[in-house]
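S.K.: Quick one: the structure is below, and I'll ask about it shortly.
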């Protein structure tokens with residue numbers, strides 16, 4: 001990709017009113033654009049990062065036997081009435097009336113998945129069911145002021161599983177927990193699995209996947225030695241206490257929630273009649289669980305974790321490009337820069353080439369630092385036929401031949 005063709009270009013100033021670091025940097029670097037409070041456009045760079053996040057999620061969920069699909073975003077009132085959530089969750093739902101019929105925009109999809117299950121003649125041998133999708137969610141967020149971390153319209157991956165027994169539900173619940181830990185490790189985030197309340201989703205305790213951060217809106221208590229952690233809304237410990245699971249000490253921190261899992265039990269299946277016939281001929285309710293990850297929230301969290309005074313520092317696994325190629329404009333090096341770019345492309349290296357002829361070396365270096373691609377290559381008269389190789393999080397520079405660059409990139 002040539003930078004001269006990329007839309008949009010970087011900005012020198014942060015948007016007015018932006019408080020969160022993710023908001024400032026993602027807008028300045030050209031990853032997102034704000035339409036209104038809590039509503040953002042994913043620009044080409046941001047879209048590339050989110051697609052890489054989604055692919056990592058997809059790969060790990062598929063290994064658990066989950067199948068991907070896509071459910072509607074507009075729902076009739078009647079289906080929400082069946083569980084009582086048209087009234088109980090109306091504070092977070094966007095509800096509207098059209099042609100004397102009432103609808104809601106999806107803030108979650110439990111009712112929709114249960115409706116799918118009960119519509120089909122599902123045999124005992126079909127269980128467990130594991131279905132997920134990536135879709136937009138709409139929630140009436142009163143505090144939409146943390147950039148893309150807290151939106152009123154956002155992308156969510158939600159997975160739903162259906163089981164014959166509670167034991168089987170929790171078995172898969174634990175499988176997904178393991179898959180989530182792999183997902184966040186691959187993405188580059190260190191998460192804590194935190195016990196939490198179920199909120200509007202379930203009357204059982206749930207689990208959140210939290211990233212320690214001073215800008216987080218959650219407060220968690222966790223052990224300095226083992227994996228024990230609780231959200232402050234249900235916490236039975238305080239700072240300085242001995243951990244209930246080991247000899248460690250309880251600490252506290254602000255944190256950003258990037259994922260959550262809920263054991264729904266039979267709450268929804270009983271109310272909506274999602275039943276199966278067991279081997280004795282009895283009608284039994286299906287056991288359900290749901291599992292969420294916010295790819296766009298993960299995008300914002302990564303920027304909160306990985307940045308410096310110059311800009312963003314992307315982990316390799318989710319960077320919009322592998323390499324940022326900078327050509328310091330000089331007629332004697334144009335052919336070399338073109339050759340380097342074409343060779344990288346031929347070798348399947350995903351490269352962004354700053355080919356601008358009207359930008360200074362300083363401008364191009366500042367752009368590269370702000371966008372934050374892990375590897376910067378420079379072709380200039382000073383490199384004398386070689387290529388300057390530098391990683392975004394290091395000041396060390398190496399002069400390498402094109403062959404050596406390709407080998408290093410492998």
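S.K.: So for segment 382-392 (the condition being part of a helix (DSSP H, G or I) and either modelled with pLDDT of 95 or more or in contact with a helix residue (DSSP H, G or I) (Cβ under 6 Å, 6 or more places away or on another chain) (or both)), does at least one residue qualify?
M.R.: We begin by selecting, within segment 382-392, every residue part of a helix (DSSP H, G or I); these are 382-383.
When the remaining residues are screened for being either modelled with pLDDT of 95 or more or in contact with a helix residue (DSSP H, G or I) (Cβ under 6 Å, 6 or more places away or on another chain) (or both), the result is none.
Looking through segment 382-392, none of the residues is part of a helix (DSSP H, G or I) and either modelled with pLDDT of 95 or more or in contact with a helix residue (DSSP H, G or I) (Cβ under 6 Å, 6 or more places away or on another chain) (or both).
S.K.: Just the residues that are surrounded by 13 or more Cβ atoms within 10 Å (Cβ to Cβ) and either under 19 Å from residue 303 (Cβ atoms) or in contact (Cβ under 8 Å) with a residue 24 or more places away in the chain (or both), please, taken from segment 384-410.
M.R.: 387, 391, 392, 402, 405, 406, 409
S.K.: Could you tell me which numbered condition residue 199 fails, if it satisfies all but one of (1) modelled with pLDDT of 95 or more; (2) at positive phi; (3) in contact with a strand residue (DSSP E or B) (Cβ under 8 Å, 6 or more places away or on another chain)?
M.R.: (1)
S.K.: Looking for whichever is within 25 Å of residue 64 (Cβ to Cβ), assigned by TED's automatic domain parsing to the domain that holds residue 80 and either surrounded by fewer than 20 Cβ atoms within 10 Å (Cβ to Cβ) or in contact with a helix residue (DSSP H, G or I) (Cβ under 7 Å, 6 or more places away or on another chain) (or both) here; the options are 266, 277. Which one fits?
M.R.: Working: 277 fails: within 25 Å of residue 64 (Cβ to Cβ).
Matching residue, one of 266, 277: 266.
S.K.: Against the condition in contact (Cβ under 8 Å) with a residue 40 or more places away in the chain and over 21 Å from residue 55 (Cβ atoms), how does residue 166 come out, does it pass?
M.R.: Numbers: in contact (Cβ under 8 Å) with a residue 40 or more places away in the chain: yes; over 21 Å from residue 55 (Cβ atoms): yes.
When the stated conditions are applied, residue 166 passes them.
S.K.: Whether any residue in segment 67-82 is more than 26 Å from the chain's Cα centre (by Cα), modelled with pLDDT of 95 or more and in a loop (DSSP other than H, G, I, E, B) is what I want to check.
M.R.: Taking segment 67-82 as the starting set, the residues that turn out to be more than 26 Å from the chain's Cα centre (by Cα) are 76-82.
Subsequent filtering for residues that are modelled with pLDDT of 95 or more retains 76-82.
Subsequent filtering for residues that are in a loop (DSSP other than H, G, I, E, B) retains 82.
Within segment 67-82 (the criterion being more than 26 Å from the chain's Cα centre (by Cα), modelled with pLDDT of 95 or more and in a loop (DSSP other than H, G, I, E, B)), the answer is yes, since at least one residue qualifies.
S.K.: Shifting gears a bit: Right, residue 211: closer than 30 Å to residue 22 by Cβ and surrounded by fewer than 16 Cβ atoms within 10 Å (Cβ to Cβ) or not?
M.R.: Working: closer than 30 Å to residue 22 by Cβ: yes; surrounded by fewer than 16 Cβ atoms within 10 Å (Cβ to Cβ): no.
No, not satisfied.
S.K.: Determine, yes or no, whether residue 35 is out of contact with any helix residue (DSSP H, G or I) (no Cβ under 8 Å at 6 or more places or on another chain), within 15 Å of residue 147 (Cβ to Cβ) and modelled with pLDDT of 95 or more. If you could, list the steps in order and put the result at the bottom.
M.R.: Numbers: out of contact with any helix residue (DSSP H, G or I) (no Cβ under 8 Å at 6 or more places or on another chain): yes; within 15 Å of residue 147 (Cβ to Cβ): yes; modelled with pLDDT of 95 or more: yes.
So residue 35 passes the test.
S.K.: While we're here: One residue is enough: does segment 299-313 have a residue meeting the conditions in a loop (DSSP other than H, G, I, E, B), modelled with pLDDT of 95 or more and crowded, with 22+ Cβ neighbours inside 10 Å? Please lay out each step first, then the result.
M.R.: The first filter runs over segment 299-313 and keeps only residues in a loop (DSSP other than H, G, I, E, B), leaving 306, 309-310, 313.
Subsequent filtering for residues that are modelled with pLDDT of 95 or more retains 306, 309-310, 313.
Now narrow it down to the ones that are crowded, with 22+ Cβ neighbours inside 10 Å: none.
So far as segment 299-313 goes, no, none of its residues is in a loop (DSSP other than H, G, I, E, B), modelled with pLDDT of 95 or more and crowded, with 22+ Cβ neighbours inside 10 Å.
Table: residues versus (1) surrounded by fewer than 19 Cβ atoms within 10 Å (Cβ to Cβ); (2) more than 28 Å from residue 301 (Cβ to Cβ); (3) touching a helix residue (DSSP H, G or I) at 6+ places or on another chain (Cβ under 8 Å).
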| residue | (1), (2), (3) |
| --- | --- |
| 21 | no, no, yes |
| 40 | no, no, yes |
| 55 | yes, no, no |
| 76 | yes, yes, no |
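S.K.: Can you tell me how many residues in segment 103-146 are farther than 16 Å from residue 76 by Cβ, touching a helix residue (DSSP H, G or I) at 6+ places or on another chain (Cβ under 8 Å) and assigned to a helix (DSSP H, G or I)? Walk me through how you get there before you give the answer.
M.R.: In the first step, residues of segment 103-146 are kept if they are farther than 16 Å from residue 76 by Cβ; the result is 117, 120-137, 139-146.
In the following step, the residues that additionally are touching a helix residue (DSSP H, G or I) at 6+ places or on another chain (Cβ under 8 Å) were identified as 117, 127-132, 134, 146.
Those still in the list that are assigned to a helix (DSSP H, G or I) too: 117.
Going through segment 103-146 one residue at a time, the tally reaches 1.
S.K.: Here's another thing I want to ask about it. Go through segment 214-258 and count every residue that is under 21 Å from the mean Cα position of the chain (by Cα) and farther than 30 Å from residue 299 by Cβ.
M.R.: Number of matching residues: 0.
S.K.: Collect the residues in segment 263-298 that are over 14 Å from the mean Cα position of the chain (by Cα), in contact (Cβ under 8 Å) with a residue 12 or more places away in the chain and not in a strand (DSSP E or B), keeping them in residue-number order.
M.R.: 266, 267, 268, 269, 270, 271, 272, 273, 274, 278, 279, 286
The values are calculated or read from the model by the stated rules, or taken from the named source; none is laboratory data. No experiment lies behind these values; they were computed from the predicted model shown. Glycine also receives a Cβ, built like all others from the backbone with ideal geometry; neighbour counts cover every protein chain displayed.
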